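The values are calculated or read from the model by the stated rules, or taken from the named source; none is laboratory data. On a predicted model such as this, the values are computed, not experimentally measured, just so you know. Counting neighbours? That spans all protein chains shown, and the Cβs are built from the backbone with ideal geometry, glycine included.
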Amino acid sequence: MNTVKSTDIGSNAANKTRLSPQAKELLQDKFNGLPVWIRSPKQGVEFYSGFSRAKLYELAGTGAIRSVSIRELGQVKGTRLFNLASILAFIEKCEQKHRRKESWLRLQPYVQFSLRTMDFIFWLIRNWSG
């Protein structure tokens with residue numbers, strides 16, 4: 001059975017693989033105790049966001065989150081890093097969008113009732129005068 005250690009998850013995985021000095025330096029940056037840049041997990045989900053490797057690449061591909069590829073000149077392979085602040089901002093934006101939708105769904109029956117009432121009043125006005 002394979003067990004995943006906490007040192008193998010997210011930005012801690014940097015200790016297990018060969019990285020360029022630039023990538024190592026970026027992975028060491030912290031802001032309010034959180035890393036500025038993270039790596040995608042080899043398996044499972046990323047520690048801070050809960051996103052899988054595929055989801056991180058999908059969001060970066062659509063421009064929803066920031067990412068950068070670190071590689072030396074002439075290298076084919078590099079290290080892809082993801083900006084944690086942009087990931088957390090994306091999650092926050094999704095939450096706000098969901099809250100707006102929920103509040104509209106709660107108001108929708110009242111709005112529909114008001115529109116039906118207005119239609120009835122207009123019908124009365126048209127039919128009453130003639």
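Which of the residues spanning region 40-96 are within 12 Å of the chain's Cα centre (by Cα), within 17 Å of Glu25 (Cβ to Cβ) and of a type in the set (Val, Ile, Thr)?
None - no residue of region 40-96 is within 12 Å of the chain's Cα centre (by Cα), within 17 Å of Glu25 (Cβ to Cβ) and of a type in the set (Val, Ile, Thr), so the list stays empty.
Being closer than 18 Å to Arg18 by Cβ, modelled with pLDDT of 90 or more and among the charged types (D, E, K, R) is the filter here, so list the residues in region 46-87 that pass it.
If the condition is that a residue be closer than 18 Å to Arg18 by Cβ, modelled with pLDDT of 90 or more and among the charged types (D, E, K, R), then Arg80 is the only one that fits.
Return the pair list, or none, for Cβ contacts closer than 7 Å from residues in region 59-88 that are within 17 Å of Phe47 (Cα to Cα) to residues that are assigned to a loop (DSSP other than H, G, I, E, B) and not hydrophobic (A, V, I, L, M, F, W, C), at least 6 apart or on different chains.
Final answer for the pair search is Arg80/Ser40; Phe82/Ser40; Asn83/Arg66; Leu84/Tyr48; Ser86/Arg66; Ile87/Ser49.
Any residue in region 25-47 that is touching a residue at least 24 places away in the same chain (Cβ under 8 Å) and within 13 Å of Phe82 (Cβ to Cβ) sitting within a Cβ distance under 9 Å of a residue that is among the hydroxyl-bearing types (Ser, Thr, Tyr) and assigned to a loop (DSSP other than H, G, I, E, B)? List the pairs, counting only those 6 or more apart or interchain.
Cβ pairs passing all conditions: Leu34/Tyr48; Pro35/Tyr48; Ile38/Tyr48; Ile38/Ser49; Arg39/Thr17; Glu46/Ser40.
So which of Glu92, Glu102 ends up being closer than 25 Å to Phe47 by Cα, out of contact with any strand residue (DSSP E or B) (no Cβ under 7 Å at 6 or more places or on another chain) and either in a helix (DSSP H, G or I) or at pLDDT 90 or above (or both)?
Glu92
Among the residues that make up region 20-31, is at least one of them assigned to a loop (DSSP other than H, G, I, E, B), modelled with pLDDT under 60 and farther than 11 Å from Thr79 by Cβ? Talk me through it step by step, then tell me what you get.
If we filter region 20-31 for residues that are assigned to a loop (DSSP other than H, G, I, E, B), which is where we start, we get 20, 29.
So of that shortlist, the ones also modelled with pLDDT under 60 come out as none.
No, that holds for no residue.
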